[in-house]
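Single-structure report; data block below.
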Amino acid sequence: MRFHTALILLAAAGFAGAQTASDPEVADARAAIEKVRALVEAGAAPRLQLQKAEEALADARDAAILRKTVYGRDLDEAQSEDMLAAARHRLERRQKAYEGAMKLVDAGALARPALDAPRQEMDRAAKEYGLAESRAALVRELAQMANAEQAFSASLYAAPGEARGAVERHDGDGVFDMDMLAGVETAFERHFGKPLPVSAAGDTAVHRALGFDHRGRVDVALDPDAPEGEWLRLYLTVKRIPFFVFRQAVPGKATGAHIHIGSASARLASGG
Ligand SMILES: [Zn+2]
């Protein structure tokens, strides 16, 4: 479900990923700074104006990061942090502008309707921040699952053949490909009346950043011991589809518990 939500957000936003460096708004803001700087140095404009132009450039940079991240696809954890910081800075700038306008209204220097525009800007930035937060939460969740898989793979490497309490392996027929996912999704949706919460269908930037090949594998964000997780485990067992069960490493803490469908993730050649 979460995966689908992210896709819907992407479709609704409909932005192509722009590079911050070549972003037209950033270029405009940079050009404006140079003009203002020349004026300030010539004594033809107040220094405050340069500060404003610099803030506009920082804001345009943050906007470019957001276009690439909130509305772009497939983030790793570092990009997700950049996205959150950019959205927070944009919100803070607009809160400051609104508070400034409010002071002028209180002092009688500005009419009250002048607050409308800064308030709308602030509300928009708050919404954008909310979007960035929910996107970052998805990335964090995905990363926790990927980390659980990485820890498992590392422990296998260190001590093969040893029992591992938190992870359960079911080999089935040993065959799973992405075409089989649709069948699992349909059966789940028919049973529970909602979509299967797939958090990673195949490869993701988070997995790549960890040096993991997750192609042809699927992570489902379900507690394996809740009714939905139990149903999925039974379904996969009956269908003889290979899967791994990852339980919470720390009881009571949601740390990467999920069901991984397909064979174990392989290390990417470049991942060492
Ligand atoms: Zn997985």
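Brief remarks follow.
- When the convex hull of its Cα atoms is viewed from all sides, the chain shows a mean projected area of 20.2 nm².
- Inter-label distance, nm, simple model (7 Å from Cα along the C-beta direction), ASP74/LYS194: 2.8 nm
- Residues with amide H under 5 Å from that of ALA45, placed H, sequence gap 5 or more: VAL40
- Spatially proximal lysines relative to LYS239 (Cα-Cα < 25 Å; intrachain offsets below 8 disregarded): LYS194
- The chain, relative contact order [Cα under 8 Å, separation at least 6], %: 19 percent
- For LYS194, LYS96, the sequence from fewest to most other C-beta atoms within 10 Å is LYS194, LYS96.
- Theoretical gain in end-to-end length, VAL238 to ARG112 [0.36 nm per residue, Cα-Cα removed]: 38.6 nm
- Counting neighbouring Cβ atoms within 10 Å and putting the fewest first, the residues ASP213, ASP28 line up as ASP28, ASP213.
- Between ARG215 and ALA31, the C-beta separation translates, for a Förster distance of 35 Å, into a calculated FRET efficiency of about 0.20.
- Over segment 33-76: Rg over Rh, Cα atoms, Kirkwood Rh: 1.28
- Residue exposure sequence - SER265, SER153 - by fewest surrounding Cβ within 10 Å: SER153, SER265
- Measuring between alpha carbons in the structure, the pairs from LYS96/LYS127; LYS52/LYS103; LYS68/LYS103; LYS35/LYS68; LYS35/LYS103 lying more than 24 angstrom apart are LYS68/LYS103; LYS35/LYS68; LYS35/LYS103.
- Dipole in debye (nearest 20) - the chain, about Cα centre, beta carbon charges: Lys, Arg +1; Asp, Glu -1: 460 debye
- Think of the chain as a dipole: +1 on every Lys or Arg Cβ, -1 on every Asp or Glu Cβ, centred on the Cα centre; then among ALA200, MET178, ALA97, ALA97 lies furthest on the positive end.
- For segment 106-181 and segment 19-72, distance of Cα centres in Å: 31 Å
Read-outs: derived from the displayed coordinates by stated rules, not from any lab. Computed from a predicted model, the values in this text were never measured in an experiment. Cβ: placed from backbone, ideal geometry, glycine included. Neighbour counts: every protein chain shown.
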